[in-house]
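> Can you read through this structure? Questions will come right after.
The values are calculated or read from the model by the stated rules, or taken from the named source; none is laboratory data. In this text, all values refer to a predicted model and were calculated from it rather than measured experimentally. Neighbour counts are summed over all protein chains in view; Cβ atoms, including those assigned to glycine, are modelled from backbone coordinates with ideal geometry. These accessible areas exclude ligands, DNA and RNA; they are computed on the full protein's heavy atoms, side chains included. Shrake-Rupley method; radii C 1.70, N 1.55, O 1.52, S 1.80 Å.
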Amino acid sequence: LVPSWAEVVGVLVRDGPSGEAAGSLIRLDLRKPTGWRWKRCQAGMYARLCVPEISNEWHDFTISSGGEDTVSFIIEAVGDFTTKLVLLAGKDAPRVGPGVSSKPPVHPFRICLDGPITAPFQACTSYPVVVAVGAGVGVTPLLSAMEWITSSIGATGANPNVVAPREAHFFWCTRNSADFRFAAPLLTRIAEGDELREVVKPHLHLTKLPPAATPEALLWNEAVRRWNETTRDSMDRSAWPSCWVAGCDLVIGLTDTVPGGVPIILGRPKLQREIRRVGKLSPDVDVHTFVCGNKELVASLKSICEVCSQRDDKQKYVVHQERFS
């Protein structure tokens with residue numbers, strides 16, 4: 001199969017610490033190549049990218065979304081190639097913020113694409129109850145799965161062969177709240193759609209908290225901790241994320257049509273408790289957890305699901321891992 005050339009038609013950047021390229025997050029919108037392979041392109045698949053202006057090496061990245069004419073990637077600058085890609089594409093590009101959208105790069109360039117290739121996260125639509133966990137570079141498969149399930153729900157009325165889970169929880173952990181704006185259009189669709197909200201349940205966690213260096217910061221952190229402990233109990237009565245049930249003053253504003261925005265929880269999720277509660281709400285089926293992250297996160301989830309499975313002989317908690325070599 002011959003790789004295809006694709007023009008970069010949109011760029012959006014979230015700068016790294018102190019405005020540096022390293023640690024940045026960039027969204028690349030490419031014009032979708034022609035041909036039968038790209039007609040079947042779906043969010044959650046991945047493709048191999050080569051940027052000759054940087055090197056002749058190929059790199060694997062998950063497709064975060066795919067429209068009629070474009071295909072998008074969300075890439076974190078964590079190595080030599082990705083940092084150079086941010087420097088190349090992100091120069092004078094728009095930065096994430098309210099009402100900011102991607103724009104063509106100031107210095108046009110093309111990317112060679114090979115794919116699309118089926119990825120493990122796409123299997124999440126095969127199960128009735130799904131939990132997906134993403135952090136760091138693992139957020140792209142998570143967003144792709146959220147996009148695919150959201151699109152599947154919209155297509156079920158027209159195509160009975162399209163299957164979507166009856167409940168899907170997405171735990172997105174990040175140290176920078178600006179990252180959530182990369183998914184603003186998708187989160188807006190979920191927040192505005194009654195049917196979508198019944199199935200797709202985002203749990204947004206901001207894991208980098210302000211240091212308790214002053215009495216005011218110490219009081220704030222303690223208040224947030226107590227609030228989280230109290231409101232999480234509401235998940236015993238509802239399949240909604242706890243902050244959606246009890247209400248929350250910490251939100252990411254999306255559009256004027258979503259007055260409350262989407263709630264954000266401060267701190268890391270207590271995954272064993274959260275996953276166990278998801279299982280209790282659907283005792284008739286197994287719970288399938290999908291993860292793309294570092295080895296510590298994967299090992300933790302495997303241990304959690306093993307413990308949950310041992311507590312209930314009739315319900316299994318299964319882990320599916322996605323990784324690139």
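> Which ³J(HN,Hα) values in Hz, rounded to whole numbers, follow from the phi angles of the stretch 193-206 under the Karplus curve 6.51 cos²θ - 1.76 cosθ + 1.60, where θ = phi - 60° and Gly and Pro get x?
My calculation for the stretch 193-206 gives x, 4, 5, 5, 5, 6, 10, 9, 10, x, 10, 9, 10, 9 Hz in order.
> Collect residues whose amide H, placed 1.01 Å from N in the peptide plane, falls under 5 Å from the amide H of Lys316; neighbours closer than 5 in sequence don't count.
Residues meeting the amide H criterion: Asp286, Val287.
> Further question on the same structure: For the stretch 26-89, which trypsin sites (Lys or Arg not before Pro) are both in a DSSP coil and crowded by at most 12 other Cβ atoms within 10 Å?
Answer in residue order: Arg40.
> Moving on to the next point. Given charges of +1 on the Cβ of Lys and Arg and -1 on the Cβ of Asp and Glu, with all other atoms neutral, how large is the dipole of the stretch 30-147 about its Cα centre, in debye to the nearest 20?
280
> For the stretch 46-96, just say rounded, prolate or oblate: build the C-alpha gyration tensor, square-root its eigenvalues into a ≥ b ≥ c, call rounded for a/c under 1.5, and beyond that prolate if a/b exceeds b/c, oblate if not.
It is oblate, given that a/c is not under 1.5 and a/b is not larger than b/c.
> Say each of Asp286 and Lys103 gets a label point 7 Å from the Cα, pointing the same way as Cα to Cβ; how far apart are those two points in nm?
Label at Asp286, label at Lys103, 5.0 nm between them.
> If DNA, RNA and ligands are ignored and the probe is 1.4 Å, what is the ranking of Asp15, Asp29 by accessible area, most exposed first?
Solvent-accessible surface, decreasing: Asp15, Asp29.
> Eigenvalues of the Cα gyration tensor times 5, then square-rooted: what semi-axes does that give for the stretch 61-123, in whole angstrom, largest first? Can you show the working numbers first?
Details: eigenvalues 97, 50, 35 Å².
Calculated on Cα positions only, the semi-axes equal 22, 16, 13 Å.
> Heavy atoms of the protein only, probe of 1.4 Å, neighbouring chains included. What is the accessible area of Thr34 in Å², nearest 10?
Surface accessible to solvent at Thr34 totals approximately 120 Å².
> Oh, and also: Whole-Hz ³J(HN,Hα) for each residue in the stretch 30-42, computed from phi via Karplus 6.51 cos²θ - 1.76 cosθ + 1.60 with θ = phi - 60°, x for glycine and proline: what do you get?
10, 5, 5, x, 7, x, 5, 5, 7, 5, 9, 5, 9
> So what's the stretch 1-86 giving for Rg/Rh, alpha carbon basis, Kirkwood Rh from the mean inverse pair distance?
Details: Rg = 13.1 Å, Rh = 13.5 Å.
Radius of gyration over Kirkwood radius for the stretch 1-86 works out to 0.97.
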